[in-house]
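All remarks here apply to the structure that follows.
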Amino acid sequence: MSRSPLRSRVVPSARRIVIGSAVVLASLGLSATVPASATSTYSMASPSTEQRAGTLDGFVIENLPDGIGTPSDFAYEWEDVSFHSRVWETGPDPDGAYKVDLTVKTIRGEKLTDLEALHNFLVEYEEKEPGSWQLTPVKVGGYDGLFAGDEVFYFIAPGVAAEVTIDHDRFTDEDVLDTAAGFHPESTT
């Protein structure tokens with residue numbers, strides 16, 4: 001299976017996150033600069049306790065694969081649907097690039113009435129060709145979801161859903177599904 005269709009799927013979502021973050025920073029009058037003398041080492045060390053534990057938008061994060069990088073949180077909205085995401089990245093590599101290891105996100109909006117509505121929304125949001133997304137039905141905890149190798153999304157309740165994406169070059173199907181099973185509303189343990 002060619003990896004190029006999956007990579008092209010990531011670009012629109014990443015572009016929305018970057019643009020949304022830049023708008024938030026600009027509206028706050030903030031910017032980040034790194035001195036030319038600053039250096040980092042590309043690291044694939046096991047995550048710290050802080051990276052493993054926590055919550056995001058009322059969801060607990062219990063299971064994370066080993067070797068993920070540093071987390072950052074984002075909040076943004078698209079078509080009256082709000083997203084809260086935590087993204088773990090490693091880097092910079094020797095070329096100065098960062099790589100997204102894992103993303104967990106909550107998705108909230110009135111139009112998310114069931115799994116089919118969630119699927120239809122994500123087809124539009126991720127700019128998929130209708131009918132081209134190869135998805136397998138799965139259970140994530142007690143929730144109905146759809147799985148596509150590097151990502152799984154699942155319907156929690158009317159207006160609430162979750163999605164987990166992973167770097168499929170470094171992590172397995174089991175890693176993404178285990179992470180998703182440990183990413184659920186705080187009230188369900």
Subset tally (residues that are charged (D, E, K, R), touching a helix residue (DSSP H, G or I) at 6+ places or on another chain (Cβ under 9 Å) and closer than 24 Å to ALA75 by Cβ) for the stretch 132-189: 3
Conditions (1) open to solvent by 60 Å² or more (accessible area, probe 1.4 Å); (2) among the basic types (Lys, Arg); (3) assigned to a loop (DSSP other than H, G, I, E, B): number failed by LYS128: (1)
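Can you tell which of THR136, THR113 is open to solvent by 40 Å² or more (accessible area, probe 1.4 Å) and closer than 18 Å to VAL81 by Cβ?
THR113
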The one condition in (1) within 25 Å of GLY149 (Cβ to Cβ); (2) modelled with pLDDT under 95 that THR33 fails to fulfil: (1)
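For the stretch 99-131, what are the residues that are under 14 Å from PHE153 (Cβ atoms) and among the β-branched types (Val, Ile, Thr)?
The answer is THR103, VAL104, THR106, ILE107, VAL123.
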Close pairs from the stretch 111-136: first touching a residue at least 40 places away in the same chain (Cβ under 8 Å), partner of a type in the set (S, T, N, Q) and open to solvent by less than 70 Å² (accessible area, probe 1.4 Å), Cβ under 7 Å, at least 6 apart: GLU126/SER13
Filter result for PHE121 (surrounded by 21 or more Cβ atoms within 10 Å (Cβ to Cβ) and either part of a strand (DSSP E or B) or at pLDDT 95 or above (or both)): no
Top-ranked residue of the stretch 174-189 - restricted to ones that are within 16 Å of THR103 (Cβ to Cβ) and of a type in the set (Asp, Glu), ranked as least open to solvent (accessible area, probe 1.4 Å): ASP175
Residue list for the stretch 142-163, filter: outside any strand (DSSP E or B) and either touching a His at 6+ places or on another chain (Cβ under 7 Å) or surrounded by 22 or more Cβ atoms within 10 Å (Cβ to Cβ) (or both): GLY149, ASP150
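The values are calculated or read from the model by the stated rules, or taken from the named source; none is laboratory data. Computed from a prediction, not measured in an experiment: that's the story for all the values here. Here the Cβ is made from the backbone with ideal geometry for all residues, glycine too, and neighbour counts use every protein chain on show. For accessibility, only protein heavy atoms count, side chains too; no ligands or nucleic acids. Shrake-Rupley method; radii C 1.70, N 1.55, O 1.52, S 1.80 Å.
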